[in-house]
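Novice: Input: one structure, supplied below.
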Amino acid sequence: MTTTTTPRRRRLSAAAIALALLLVPGCAALSDVAGPQPVAAESSTATQDASSSPESPSAGPAPADDAGTGDAPAVEEPPAERPSAAASPSSGTGTDDDAAEAAPDDEGRDDGTGQAAQDDEPSDGGAEEQAGDDEKDKKDKAPKDKAEKKDEKPDWPAYGASGQQVTALQQRLVDLGYFLPEVDGQFGPATQQAVWALQKAAGLGRDGVVGPRTQEALDSGARPSPQSSSGKVVEIDLARQLLMTVEDGRVTRVLNASSGNGETYEAKGRTYTASTPRGSFAVYMERDYLHESTLELGSMYRPKYFHGSFAVHGSGSIPPWPASHGCVRVSNSAMNWLWDTWGMSQGTPVVVY
């Protein structure tokens, strides 16, 4: 009788444990509910106390694994009500869902960066602090911006400038012998021509801007030296692209000039090289008007021929580098001065070097 009763009690006990497990949250481990369970020893002789209560999960043996043994039929009965938070396991092994449900709604939540997420509304004074930072940034950048603008636009006389500084520049150029029609305080084309001539004589870059080095050349009185020692001579320095009027070995005027550029060109079916001949010549022919080139190369203002078809003449384009077909260009106002003031008459020596 005892041997038949014991298996029945075991089956009842297992059923009671299964029912109890259904009343516990499904994600909780069995160890969280009943604690460590001893492994039942397999023996043909039953030694379990017959007085053990089948309703006490903590006293019953461990249930079979998920596969089951077939002794206890599966019982699926929903719990009568959801267990309260107080009934949840407190060992810290509950699931994330359980922890989220237990957390109060008004507490900070981790946003994944390791810090609690704040409310959507900005904190008091946040906008004011941002505005203050922006204002500070503007003040910090202001001196730097002013310094950069000052560096970008230095106060150096250049084309288009006017005023007393330009007047002083023009007067100094005239005193040194650089050609200028008048001192008017306007940095126009004539002043630009004179500054180019100064920069050429001093061996500087020909940018037409009176920067520190150009001003130093002005202050030191830079001017070219002539090769002739007597008489009234026109000297043309091809290397520095300058025309000088010389009287008894003294330079009286220095003019910006532009000679042959060395390139080849076609004219009336023939090929020529745009070079200016070197040597000692003299004015042998002149045209006191705007003369058209016989080779159809353009207009020449009041030309003074010194060798073949080569002449000194006025032009509306005198860059600070060689640009002509071989003639020597000067400004129209400079050509007027050579004709009307200095007197570059026929027979005047012209030395090209």
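The values are calculated or read from the model by the stated rules, or taken from the named source; none is laboratory data. Not measured: the values here are computed from a predicted model. Glycine also receives a Cβ, built like all others from the backbone with ideal geometry; neighbour counts cover every protein chain displayed. Areas reflect the complete protein model, heavy atoms only, side chains present, ligands, DNA and RNA absent. Shrake-Rupley method; radii C 1.70, N 1.55, O 1.52, S 1.80 Å.
Novice: Name the residue that is most open to solvent (accessible area, probe 1.4 Å), counting only residues in the stretch 221-271 that are in contact with an Asp or Glu (Cβ under 7 Å, 6 or more places away or on another chain) and within 23 Å of Gly205 (Cα to Cα).
Specialist: The extreme case among them is Pro226.
Novice: Next question. Working only within the stretch 162-199, note down all residues that are open to solvent by 30 Å² or more (accessible area, probe 1.4 Å) and of a type in the set (A, V, I, L, M).
Specialist: Ala168, Val174, Val183, Ala190
Novice: Go through the stretch 221-338 and tell me which strands (runs of 3 or more DSSP E), entirely inside it, have 3 or more residues that are among the hydrophobic types (A, V, I, L, M, F, W, C).
Specialist: 232-237, 242-247, 250-256, 310-315
Novice: Among the candidates Pro322, Pro303, Pro349, single out the residue that is closer than 26 Å to Val195 by Cα and in contact with a Lys or Arg (Cβ under 9 Å, 6 or more places away or on another chain).
Specialist: Answer to the selection: Pro303.
This table checks each residue for (1) within 19 Å of Glu263 (Cβ to Cβ); (2) of a type in the set (Asp, Glu); (3) touching a residue at least 24 places away in the same chain (Cβ under 8 Å); (4) surrounded by 14 or more Cβ atoms within 10 Å (Cβ to Cβ).
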site: Arg287; (1), (2), (3), (4): no, no, no, yes
site: Tyr305; (1), (2), (3), (4): no, no, no, yes
site: Arg329; (1), (2), (3), (4): yes, no, yes, yes
site: Trp339; (1), (2), (3), (4): no, no, yes, yes
site: Tyr353; (1), (2), (3), (4): no, no, yes, no
